[in-house]
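Structure record follows, encoded as structure tokens.
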Amino acid sequence: MGFLVQFFQPYFMFLLGAAYNLQQSIDGMRIWSASTVANDASGNFVSSFGPSVPLVGVLGLLLLYTVLFLLPMMWVAGYVVNRRRGVIRVCLMLVMPGVLGLLGLLPSINYIPRSYVIHGTGVLGSPVGMLPLVIFGMLTGWALVVIASDAFRWGEKFRSTYDHMWYATAVFAGIFFVADLDATRNEQNLREENQNSRQASAYLLNQVRNYDLYCQRTKTGSGASCTWATYVQQTLNDYVVSEDSLFHLTGPKSSVAMYDPLRRGISEQDILKIREELKKYNETICPIQELGNGAFQSTLSGTCLRTPPPYCRTFPEPFKGHVNEASLALSTAIDSECIIPGLIHSRLQQEKLSAAVAQDKINKHYRWLFYILFSVVAGGKIANATAKILGLGDKRDERYSIDLANLLFRRIASICRAVLKSFSAGFVFIFTGLVNLFRRLAKRLASWKGSRS
């Protein structure tokens, strides 16, 4: 029993690796997920994770495909190539991994991914786990084209036409290289934009903390801006640690979300009052010196600094109907007028980039599927070389695949006739026995009635 387990282990691991990698992409495309959501006895929603359930289904389908389709096609293709010797060579090739496993000469290859990601859109399993699927595709393409070339007498004209498709497919595959570069650039832009929003939030958070200390020191904590400074720090702190995939969902859509962090529904007048108090604070801490002829000089110190340009990419919102464009060049103690619109702009940019990255992740599965189909086409290309060497479809009059099919059909038909004949003979024997039995019963019944009379 141990020898059988050791012999079939390479084949099982091969199929299991193919099933795992195939299920990961199926889960990523949301076709058949390993996570299920259902109701318990009380009607509450519960979630469960059971990768073995869909995995067994995929593994079973691969096993059925191998046993019912791939192996018979390989044997028929071997018969087409070199009759019985071809079938023997195919069998030797198929049993080679098991024999090497018994001898301990087969290297240990782990086709299974190290981790499984639930709803892992864009996750394609492991590179090594791709090998079984590619081998399945190449063997399928090779067997189909070899048999078709022999059965339909596809000669040099078909091979030339196939080459046209092969070269066009190879050139088309080059587009995926550009698509991967574009997807990488979108991810990089999203990370950079998210990093910029986190740094801007940290910059404003530090200024708000200083302003909060200023409110406590000057005993002006009852002001609207001081109250705002107390509560907005948690929001800014959340933005500082926000991930790439979250800021476009949690970031501010408008300035109201920043000036009303507790969602109390404050009015426009309350927001204007906060801005006005912060403006007076900047004028007090960082006064502007007029130099004449429209020139001015702002104060530079450890508290009064010019906001870095990456944090201030949009003009401030209108203040009493006026937009102070010159404020971009001024030093401030708290630059909420510039950073808050910058954070709003950053969220809009990250929404677009996140949508592009999400679409790129879905496209990865289509490129993965194309590569699997491309392996089938590659197997057909190899089969064309095999057919050209053997002269399939050119000068050879024999069609071994048709002859083998006729032989199999004749054998199956003869077996069916023998079974039907045996069944008919048995049926006649049983029917004759029943008729004789009824006759005997009828005679005894007639004799019994005569004796009584």
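The numbers here are math on the coordinates, done by the rules we state, and not lab data. Owing to the predicted nature of the structure, the values given are computational and were not obtained by experimental measurement. Note: ideal-geometry Cβ built from the backbone for every residue, glycine included; neighbour counts use all protein chains shown.
Once you put a point 7 Å from the Cα of R411 and another 7 Å from the Cα of A385, both along the Cβ direction, what distance in nm separates them?
For R411 paired with A385, the spin-label model returns 3.2 nm.
With the cut-off at 29 Å, report for region 188-354 the share of all Cα pairs above it, as a whole percent.
Cα-Cα pairs in region 188-354 separated by more than 29 Å: 18 percent.
Test of understanding: what is the full-extension gain from L68 to Q6, defined as 0.36 nm times their sequence separation minus their Cα-Cα distance?
Once the chain is fully extended between L68 and Q6, it gains 20.0 nm.
Taking 7 Å along the Cα-to-C-beta vector as the label spot, tell me the I362-K157 distance in nanometres, rounded to one decimal.
Rounded to a tenth, the inter-label distance reads 4.3 nm.
Hey, which of these cross-link pairs are over 27 Å Cα-Cα: K219/K273; K253/K364; K279/K352?
K253/K364; K279/K352
Rounded to the nearest Å, what's the spacing between the alpha carbon centres of region 90-128 and region 349-388? Just the number, please.
21
So what is the relative contact order of region 188-354, in percent, for Cα pairs below 8 Å that sit 6 or more residues apart?
31
5 Å is the cut-off here: which amide hydrogens, built 1.01 Å from N in the peptide plane, fall below it relative to L305, excluding neighbours closer than 5 in sequence?
Correct list: T332.
So for region 152-192, considering every pair of alpha-carbon atoms, how many percent are separated by more than 16 Å?
58
Could you tell me how far the Cα centroid of region 254-275 sits from the Cα centroid of region 152-208, in Å?
Using only Cα atoms, the two centres lie 42 Å from each other.
Across the Cα atoms of region 94-235, what radius of gyration and what greatest pairwise Cα-Cα distance (Dmax) are found, in Å?
Cα-based Rg and Dmax for region 94-235 come out at 31.1, 97 Å.
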